[in-house]
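Written out below as structure tokens is the structure these notes cover.
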Amino acid sequence: MTHAPREADRAAVEATNTAFYEAMEQGDFDTITDLWLDDGATTISCVHPGWPVLTGRGEVLRSYALIMANTDYIQFFLTDVEISLADDVAIVTCTENILSGGPAEDGAELGPLVGQLVVATNVFRRTSDGWKVWSHHGSPVIPENEPDETDDTTD
């Protein structure tokens, strides 16, 4: 049995997932728009960390336009990337290690940089134009509190 088609699909899904994050980094709204599923029949959905569920092409794409308009700098370092394939659907889970900065204040070139960890699930569907994002769900990772070193529980 040959695994070449499955490996080709895996590589294509990984490339589409990477293109999705690169478009966000570059503020490339046209590419983001092209990467989302648009078959006229299937509803897309998106959950950004801390946001309600967004459904439909208009709501989802408006959210990306809003994020891009209010983010001067964003960079994603993806870790723990896992790809699952089933026929014409692929699921990618990953950890988004995000470094971002908002609008500059007091004449600075860039606003303060903030780091954030988000776990994400991206669902893709195969179309005649390649793999397209069907759904994106990002949830913030709550940092674990470090044990207080001054708390001495010994007698």
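The values are calculated or read from the model by the stated rules, or taken from the named source; none is laboratory data. Quantities reported herein were computed from a predicted structural model and do not represent experimental measurements. Note that each Cβ is placed from the backbone with ideal geometry, even for glycine, and that neighbours are counted across all protein chains shown. When the accessible area is computed, the model is the full protein with side chains, heavy atoms only, and any ligands, DNA or RNA have been set aside. Shrake-Rupley method; radii C 1.70, N 1.55, O 1.52, S 1.80 Å.
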Can you name the number of the only condition in (1) touching a Leu at 6+ places or on another chain (Cβ under 9 Å); (2) part of a helix (DSSP H, G or I) that Cys46 fails?
-> (2)
Of the residues in the range 51-64, those that are surrounded by 16 or more Cβ atoms within 10 Å (Cβ to Cβ), among the hydrophobic types (A, V, I, L, M, F, W, C) and either in contact with a Phe, Trp or Tyr (Cβ under 9 Å, 6 or more places away or on another chain) or assigned to a loop (DSSP other than H, G, I, E, B) (or both) come to Val60, Leu61
Some residue of the range 13-27 being of a type in the set (Asp, Glu), out of contact with any strand residue (DSSP E or B) (no Cβ under 7 Å at 6 or more places or on another chain) and within 19 Å of Arg126 (Cβ to Cβ) = no
Please work out which one of (1) aliphatic (A, V, I, L, M); (2) assigned to a helix (DSSP H, G or I); (3) at pLDDT 95 or above; (4) open to solvent by less than 40 Å² (accessible area, probe 1.4 Å) is the condition Ile67 fails and give its number.
-> (3)
Listed by first then second residue, the pairs whose first member lies in the range 81-98 and is farther than 10 Å from Phe124 by Cα, whose partner is small (Gly, Ala, Ser) and open to solvent by 40 Å² or more (accessible area, probe 1.4 Å), with beta carbons under 9 Å and at least 6 positions apart or on separate chains, are Thr93/Ser84; Asn97/Gly115; Ile98/Gly115
Just checking, how many residues over the range 91-115 are at pLDDT 80 or above and either surrounded by fewer than 16 Cβ atoms within 10 Å (Cβ to Cβ) or of a type in the set (Ser, Thr, Tyr) (or both)?
-> 6
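Looking at the structure I just gave you, is Gly40 over 20 Å from Glu96 (Cβ atoms) and modelled with pLDDT under 95?
Numbers: over 20 Å from Glu96 (Cβ atoms): yes; modelled with pLDDT under 95: yes.
Yes; evaluated as a whole, the condition is true for this residue.
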Cross-chain or 6+ apart pairs with Cβ under 6 Å, the range 24-50 first and closer than 26 Å to Thr95 by Cβ and open to solvent by 40 Å² or more (accessible area, probe 1.4 Å), then modelled with pLDDT of 95 or more and of a type in the set (Val, Ile, Thr) | Pro49/Val118
